[in-house]
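Let me begin by presenting the structure, written as structure tokens, before commenting on it.
The values are calculated or read from the model by the stated rules, or taken from the named source; none is laboratory data. Fair warning: this is a prediction, and the values are worked out from it, not measured in the lab. Neighbour counts are summed over all protein chains in view; Cβ atoms, including those assigned to glycine, are modelled from backbone coordinates with ideal geometry. Ligands, DNA and RNA are stripped out before the accessible areas are found, and what is left, the full protein with its side chains, is counted by its heavy atoms. Shrake-Rupley method; radii C 1.70, N 1.55, O 1.52, S 1.80 Å.
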Amino acid sequence: MISIVIPTYNSEKSIKKLCETVINEVKVEFEIILINDAATDNTEETINKLQLIYNSIRVMNLDKNIGRVGSTLLGINLAKGDFLVTMDDDLQHHPEFINNLYYEIKKLDLEVKVAKWKQDGTIV
């Protein structure tokens, strides 16, 4: 199973689309872990509704903002999967690549796979 950890902050306008894209794109068993980092918009309501609709979504709402890194690490600690993917909440990195990352890790028996996005040159 793949655990997809997504820290969220003021992402009410993008998080539903991101989650539904993950659900439609990922072809293996997965869970989505959403960590709401004390958003000041309607992110909490949005992700709580998503959790009720989709069994694959788990949510943690924080009362205090701990930052993207802290939220991501918290989500990693909650992960149940054998494989882990971290993503931002803004659809900058398309979920369609999750399958390729997973299959390459399995095929080559890797412990870590680094992804690079052409749009901004970011290496994660």
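Give region 35-47 a look and list any residue that's closer than 16 Å to Met87 by Cβ, among the polar types (S, T, N, Q) and in a loop (DSSP other than H, G, I, E, B), or say none.
Those that are closer than 16 Å to Met87 by Cβ, among the polar types (S, T, N, Q) and in a loop (DSSP other than H, G, I, E, B): none in region 35-47.
Here are some residues: Leu50, Leu74. Which one is within 17 Å of Asn10 (Cβ to Cβ), assigned to a helix (DSSP H, G or I) and of a type in the set (A, V, I, L, M)?
After ruling out the rest, the residue left standing is Leu50.
Which residues, taken from region 1-16, are in a loop (DSSP other than H, G, I, E, B) and either farther than 18 Å from Ile53 by Cα or open to solvent by less than 60 Å² (accessible area, probe 1.4 Å) (or both)?
Met1, Tyr9, Asn10, Ser11, Ser14 - these are the residues of region 1-16 that are in a loop (DSSP other than H, G, I, E, B) and either farther than 18 Å from Ile53 by Cα or open to solvent by less than 60 Å² (accessible area, probe 1.4 Å) (or both).
Which numbered condition trips up Ile32, out of (1) surrounded by fewer than 18 Cβ atoms within 10 Å (Cβ to Cβ); (2) of a type outside the set (S, T, N, Q); (3) free of Cβ contacts under 8 Å to residues at least 40 places away in the same chain; (4) outside any helix (DSSP H, G or I)?
(1)
Could you check, for region 83-99, whether at least one of its residues is without any contact (Cβ under 8 Å) to a residue 24 or more places away in the chain, surrounded by fewer than 14 Cβ atoms within 10 Å (Cβ to Cβ) and not aromatic (Phe, Trp, Tyr)?
no
Report, by residue number, each residue of region 27-58 that is at pLDDT 95 or above and among the hydrophobic types (A, V, I, L, M, F, W, C).
If the condition is that a residue be at pLDDT 95 or above and among the hydrophobic types (A, V, I, L, M, F, W, C), then Phe30, Ile32, Ile33, Leu34, Ile35, Ala38, Ala39, Ile47, Leu50, Leu52, Ile53, Ile57 are the ones that fit.
Starting from residues that are of a type outside the set (D, E, K, R) and modelled with pLDDT under 90, keep the ones in region 66-94 and report whichever is nearest to Leu34 (Cα to Cα).
Ranking the candidates gives Leu91 first.
Out of region 5-28, which residues are over 18 Å from Asn61 (Cβ atoms) and in contact (Cβ under 8 Å) with a residue 40 or more places away in the chain?
Selection gives Lys17, Thr21, Val22, Glu25, Val26, Lys27, Val28.
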